[in-house]
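The values are calculated or read from the model by the stated rules, or taken from the named source; none is laboratory data. This is a predicted model, so every value here is computed, not measured. Cβ placement follows ideal geometry from the backbone for every residue including glycine, while neighbour counts extend to all protein chains displayed. Ligands, DNA and RNA are excluded from the accessible area calculation, which covers all protein heavy atoms including side chains. Shrake-Rupley method; radii C 1.70, N 1.55, O 1.52, S 1.80 Å.
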Amino acid sequence: DKYHGVTDHCNINELAEAIPSSTFSYIWFDACYMGQAEVAYQLRDKADYMVGAVSEIWDEGNPYHLTLPYMLRATPDLAKAADIFYNYYVGKQMPVTMAVIDLKEMEGVAAACRNINSRNLEVDASVLQNYARGSNGPFYDVYQLSAERAQGNTELIEPLRNALEKAVVYKAISETDFRGNAFDASVYSGLSCRNYQPKDLNETDGFYRTLDWALKTYADYLK
């Protein structure tokens, strides 16, 4: 929140600490860039499902008048609600991404990523799909980034693909991004992540190293 010259915020680890385990059936983020593996993994035992976007969300936000009837059912239909959200903006010819994540499956995604990361972190970031407005990240696709690091090794890539198929209940991405460039749906997994490199020492990267995702998937470099 920003008001009267004061900025107040809550980091994702603080949010996770504030929520008791197994509290919610789902957490829906009506905010930009929350569809990160770092977020989903930090909240993996706080809810059954997480809904969020890897890209920006327009200032209008969730069209609740359309989605709430599905979100508030005794058994919420999150895939339907997320699809309504997605098509609401596609119908306006506005860029949009959306995904529903089964949080109990995030351990499998993390294990597959760690297996790849322990062998190689080198990647040409210029070939990666970027979900932010800037030309250089920091939000890349979990699958594409990891597949590039795996360098075509199917024994590493297949476990990740299988884990993501279990974890990502619903995903959708528009034809173009917020810069007017084409999105490549074939590399869109529904989850983004940072391109962590051991040499990165700025404050933001330092914070990301404290999160559970980094401690799990980059464990060999954080000893």
Per the C-alpha gyration tensor (a ≥ b ≥ c, the square roots of its eigenvalues), the range 19-94 is rounded if a/c is under 1.5, else prolate if a/b beats b/c, else oblate; here it's oblate
Considering only DSSP beta bridges with both partners in the chain, what is the antiparallel share in %, to the nearest 5?
75
Per the 1.4 Å probe, what fraction of the accessible area of the range 99-209, in percent, lies on carbon and sulfur atoms?
46
Name the long-range amide H neighbours of Tyr170: under 5 Å, sequence gap of 5 or more, or other chain; modelled H, no Pro or chain starts.
Val100
Using Cα positions and a limit of under 17 Å, work out the aspartates and glutamates in reach of Lys216, with same-chain residues fewer than 8 apart set aside.
Glu38, Asp45, Glu105, Glu107, Asp205
Karplus-derived 3J(HN,Hα) from phi for the range 10-17 (6.51 cos²θ - 1.76 cosθ + 1.60, θ = phi - 60°), whole Hz, x at Gly and Pro, runs 10, 6, 5, 5, 5, 4, 4, 5
For the range 69-141, what does the accessible surface come to per residue with a 1.4 Å probe? Please give it in Å².
45
To the nearest 20 Debye, how big is the dipole of the range 1-154 about its Cα centre, given +1 on the beta carbon of each Lys and Arg and -1 on that of each Asp and Glu?
220
Amide H neighbours of Tyr26 at under 5 Å, excluding residues fewer than 5 places away on the same chain, with H built from the backbone geometry, are Asp48, Tyr49
In Å, descending, principal axis extents of the Cα set of the chain
47, 41, 38
Given the Cα-Cα distance of Lys92 and Arg73 and 0.36 nm per residue of separation, how much length would full extension add, in nm?
4.1 nm
Which of the residue pairs Lys46/Lys199; Lys166/Lys199; Lys46/Lys166 have a Cα-Cα distance greater than 29 Å in the structure shown?
Lys46/Lys199; Lys166/Lys199
Ranked from the most accessible area to the least, with a 1.4 Å probe and all protein chains present, what is the order of Thr154, Thr23, Thr97?
Thr154, Thr23, Thr97
Taking θ = phi - 60°, what integer Hz values does the Karplus form 6.51 cos²θ - 1.76 cosθ + 1.60 yield along the range 55-61, in sequence order, with x for Gly and Pro?
10, 5, 10, 4, 4, 5, x
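Counting only helical runs of four or more DSSP H residues, what would the 222 nm mean residue ellipticity of the chain come to if each run contributes -39,500 (n - 2.57) and the total is spread over all its residues?
Working: 9 runs with 81 residues, N = 223.
After summing the helix terms and dividing by the residues of the chain, the value is -10500 deg cm²/dmol.
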Rank these by accessible area, largest first, 1.4 Å probe: Glu56, Glu155.
Glu155, Glu56
Using the Karplus curve 6.51 cos²θ - 1.76 cosθ + 1.60 with θ = phi - 60°, what ³J(HN,Hα) values do you get for each residue of the range 166-171, in whole Hz, with x for Gly and Pro?
6, 7, 9, 6, 8, 8
